[in-house]
Amino acid sequence: MDSAVDPAPKADDRHILGVVPNYATVNDPRQHFQSIPVKEKFKLATQDVFDPFSFVITGIYAGAAQWGNDYAGYGQGAQGYAKRYGAAFADGAIGNYMTEAIFPTMLHQDPRYFRLGTGSGWKRVGYALSRIVVTRSDGGTWQFNTSELAGNAVAAALANLYYPAQNRSTGDTFEKFGLNVVSDAGFNVLKEFWPDMRRKILHKE
């Protein structure tokens, strides 16, 4: 059966483990699929980008980069940290808008994650990982997830506008693209199992 629209997820579903933004997940696999309008796609991307926890997570990423002196061209100290923070925030914002709003709008694809919700653990892990290359169209059919791959590719290319010159090689661009895709795949697994985790750990439906 097709998955459901879940325009107003419960408060417990909006953050995985109380931290990770989780606005674009359809949790109930029993309900009938219904597409969302363009404004809803941009709303989902905006919620992910400007969620308060996103700023915290960005700060952690920037701190780790500062500690390891990644992107050495930014320097150290407060100015170096600010540049790394700005770059990390731009990475997340551009990636989210590209994969959840701009490309889904242009290609008439649905940016949400539709949980499988049943079956063995390995089957569900495989399903979650495969959503990187498979998504729903606005008409409800499954199709190749061009929005995810092209969106992250464009985001990685645009990063060359603000990263230090020595970090703008083809290899660096492909590395950013790969990290974005792998990160999204990992979050899909969390999205798939979060309701189960919530019931078992927090004893909440």
Checklist outcome for this item: Mean separation of Cα contacts under 8 Å (at least 6 apart) over the residue count of the chain, i.e. the relative contact order in percent, is 22
Checklist entry - Amide H to amide H under 5 Å from residue 33: which residues, 5+ apart in sequence or cross-chain, H placed 1.01 Å off N in plane? => result 2, 3
Checklist entry - Based on DSSP H runs of at least 4 residues, each adding -39500 (n - 2.57), what is the mean residue ellipticity at 222 nm of the chain after dividing by all its residues, to the nearest 500 deg cm²/dmol? => result -17000 deg cm²/dmol
Checklist entry - Taking only Cα atoms, what is the 0 to 90° angle, nearest 10, from helix 77-97's long axis to the longest principal axis of the chain? => result 30
Checklist entry - For residue 25, which sequence-distant residues (separation of 5 or more, or a different chain) have an amide H within less than 5 Å of its own amide H, given hydrogens modelled in the peptide plane? => result 113
Item to check | Longest to shortest principal axis, alpha-carbon extents of the range 91-205, angstrom | outcome: 49, 34, 22
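What ranking of 67, 142 emerges when the number of other C-beta atoms within 10 Å of each C-beta is taken as an exposure proxy, fewest first?
67, 142
What net charge is computed for the residues neighbouring residue 58, neighbours being all others with C-beta under 11 Å from the C-beta of residue 58, Lys and Arg scored +1, Asp and Glu -1?
-1
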Checklist entry - So how do 130, 147 line up by other beta-carbon neighbours within 10 Å, fewest first? => result 130, 147
Checklist entry - Going by alpha carbons, how many degrees (0 to 90, nearest 10) lie between the helix axis of 121-130 and the longest principal axis of the chain? => result 60
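Tally Lys and Arg at +1 and Asp and Glu at -1 over the other residues with C-beta under 11 Å from the C-beta of residue 128: what net charge comes out?
Residues near residue 128 contribute +3 overall.
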Checklist outcome for this item: Candidates for Cα extents along the principal axes in Å are (i) 53, 38, 32; (ii) 52, 45, 34; (iii) 49, 42, 38, and the calculated one carries label (i)
Checklist entry - Summing Lys, Arg as +1 and Asp, Glu as -1, what charge do residues with Cβ under 13 Å from the Cβ of residue 185 carry, residue 185 excluded? => result -1
Checklist entry - Cα-Cα over 27 Å: which of 43/191; 43/123; 41/176? => result 43/123
Checklist entry - Going by alpha carbons, how many degrees (0 to 90, nearest 10) lie between the helix axis of 170-197 and the longest principal axis of the chain? => result 40
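Every number in this text was worked out from the coordinates using simple rules, so none of it is lab data. All of these numbers come straight from a predicted model, not from anything done at the bench. Neighbour counts run over all protein chains shown; Cβ positions are idealised from the backbone, glycine included.
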